[in-house]
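Asks: I'd like to ask some things about the structure below.
The values are calculated or read from the model by the stated rules, or taken from the named source; none is laboratory data. Since this is a predicted model, take the numbers as computed values, not measurements. Methodologically, a virtual Cβ is constructed for each residue, glycine included, from the backbone with ideal geometry; neighbour enumeration extends over all protein chains shown. The area values use the complete protein model at the heavy-atom level, side chains included, leaving out ligands, DNA and RNA. Shrake-Rupley method; radii C 1.70, N 1.55, O 1.52, S 1.80 Å.
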Amino acid sequence: MKQDSREEQFRTYVTRNRGPLLRTATLLASGDSHRAEDLVQTVLLRMYVAWPRIRHETRDAYARRTLVNAHLDERRRPHLRHERTHAELPDVVVEDAAPTDTETAVFRALAELPPRMRAAVVLRHLYDVSVSDTADALGCSEGTVKSQTARGLAQLRAALPELAGDGSDHPTGRAADVVKETAHE
């Protein structure tokens, strides 16, 4: 594969998939957009390095697994992250839109979940990833994914009682629907 072709393929992939990766990372980071950006950049860097070895048909699965691993690695080794301060402010200030009360409640509830449980809930019920693909992304058994998802949804229902009503026929209830809506805004 020529270098130009590799660069172009990667650029096309990033252009098409950065948004969904950022939404997933935002949920994994419990609404912290700065941490989510860092996670996505880590994933894209790892993917760029491994690009020649990643099969075309498994790129999305590879990205999901890398994103979950980056999230879990960050949670395991917070002492390795070093931030540098600068005396001068950047030229352009980016203002994030203020989250709604519902979004704040959902992100707070997600933050209370352990990282692996949060990843299982986000992958299974936000992106409808299969149990086996979620198990592959988390590096665990399918039974673990099922139990982590069930416990995570139970905790979300308890943390969001006003959203956990039986307003839909989806087995996860209204709380999972609100998490989906929050992610796609």
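Asks: For Asp73 and Arg108 in one chain, what is 0.36 nm times their gap in residues minus the Cα-Cα distance, to one decimal in nm? Walk me through the numbers before you get to the answer.
Replies: Values: separation 35, 0.36 × 35 = 12.60 nm, distance 2.09 nm.
Roughly 10.5 nm would be gained on extension.
Asks: Here's another thing I want to ask about it. Quick check on packing: order 120-130, 10-20 by the mean number of other C-beta atoms within 10 Å, highest mean leading.
Replies: Details: 120-130: 21.1, 10-20: 13.0.
The densest-packed peptide leads the list: 120-130, 10-20.
Asks: For the range 123-132, what does the Karplus curve 6.51 cos²θ - 1.76 cosθ + 1.60, with θ = phi - 60°, yield as ³J(HN,Hα) per residue in whole Hz, taken in order and with x for Gly and Pro?
Replies: Computed from phi, the couplings for the range 123-132 are 5, 6, 9, 8, 10, 6, 6, 5, 4, 5 Hz.
Asks: What part of the accessible area of the range 1-78, given as a whole %, is carbon or sulfur when the probe is 1.4 angstrom? Write out the running numbers ahead of the final one.
Replies: Numbers: 2180 of 4420 Å².
C and S atoms contribute 49 percent here.
Asks: Kindly report the accessible area of the range 1-78 per residue (heavy atoms of protein chains, probe 1.4 Å, no ligands, DNA or RNA), in Å². Show your work: numbers first, answer last.
Replies: On the way: 4420 Å² over 78 residues.
That works out to 57 Å² per residue.
Asks: Can you work out ³J(HN,Hα) from phi for every residue in the range 23-35, in order, using Karplus 6.51 cos²θ - 1.76 cosθ + 1.60 and θ = phi - 60°, giving whole Hz and x for Gly and Pro?
Replies: For the range 23-35, the Karplus curve yields 4, 5, 4, 5, 5, 5, 8, 6, x, 7, 5, 5, 5 Hz.
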